[in-house]
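Read the structure below first, then the notes.
We did not get these values from a lab; they are worked out from the coordinates using the rules stated. Note that the coordinates shown come from a computational prediction; the quantities given were computed from them, not determined experimentally. FYI the Cβ positions are ideal-geometry reconstructions off the backbone, even for glycines, and counts take in every protein chain you see.
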Amino acid sequence: MKALIQRVSEASVNIESKTYSKVHYGMCIFLGIKKNDTTINVHHLVDKIVKLRIFSDLDGKMNKSIQDISGDILVVSQFTLYADCTGGNRPSFQNSANKLNASPLYELFINLLKEKKINVQSGKFGANMNIKLKNQGPVTLMLEI
């Protein structure tokens, strides 16, 4: 399971030219789910993300977590994070989980974040989405569990 995390001042998902969801200061997380990922992976990744100190304290050091700042999180499913481009010029997605397995893990990821009392918005799993974000910093991190 991979999470591409961007610290944002705002982010939104548009589907069919309409705003589907929007967040303010916090994180935009692109979530990739691979074959064989389980609920254990989801729990570990959520625990890591909520404790991740990527927000500045009063001295400008990254010492605060998403919970410390009462920030928002926008979660977007992103199967292309498991693209394999080693065999040629066309990406292979054989390492990505199929929709039947990935969708419940994506929903669990969102629900576990909400249980942590974080304002969580999301994209629509499997939809063609346009993502708008303002990367603040910029800060971009890749986590893999």
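Leu58 meets all of the listed conditions (1) farther than 20 Å from Lys114 by Cβ; (2) hydrophobic (A, V, I, L, M, F, W, C); (3) part of a strand (DSSP E or B) but one, namely (3).
Criterion applied to Lys117, Lys132, Lys64 was being touching an Asp or Glu at 6+ places or on another chain (Cβ under 7 Å), surrounded by fewer than 19 Cβ atoms within 10 Å (Cβ to Cβ) and of a type in the set (Lys, Arg), and the one residue passing it is Lys64.
If you go through the stretch 68-79 one residue at a time, do you hit one that is more than 14 Å from the chain's Cα centre (by Cα), farther than 30 Å from Glu16 by Cα, surrounded by 16 or more Cβ atoms within 10 Å (Cβ to Cβ) and without any contact (Cβ under 8 Å) to a residue 40 or more places away in the chain? Within the stretch 68-79, none of the residues are more than 14 Å from the chain's Cα centre (by Cα), farther than 30 Å from Glu16 by Cα, surrounded by 16 or more Cβ atoms within 10 Å (Cβ to Cβ) and without any contact (Cβ under 8 Å) to a residue 40 or more places away in the chain. Out of the residues in the stretch 81-109 meeting the condition of being over 15 Å from the mean Cα position of the chain (by Cα), touching a residue at least 60 places away in the same chain (Cβ under 8 Å) and not in a loop (DSSP other than H, G, I, E, B), tell me which one is nearest to Lys35 (Cα to Cα). Taking the candidates together, the pick is Ser96.
In the stretch 94-107, the qualifying residues are those that are surrounded by 15 or more Cβ atoms within 10 Å (Cβ to Cβ) and of a type in the set (A, V, I, L, M, F, W, C), and the one that is farthest from His43 (Cα to Cα) is Ala97. Restricting attention to the stretch 127-145, the residues that are small (Gly, Ala, Ser) and either within 16 Å of Lys61 (Cα to Cα) or free of Cβ contacts under 8 Å to residues at least 24 places away in the same chain (or both) total 1. Residue count for the stretch 110-130 under the criterion of being assigned to a loop (DSSP other than H, G, I, E, B) and more than 15 Å from Tyr20 (Cβ to Cβ): the result is 3. Only residues that are closer than 30 Å to Gly126 by Cβ and not small (Gly, Ala, Ser) were counted in the stretch 55-77, giving 7. Taken as a whole, the stretch 44-51 holds no residue that is of a type outside the set (S, T, N, Q) and in a loop (DSSP other than H, G, I, E, B).
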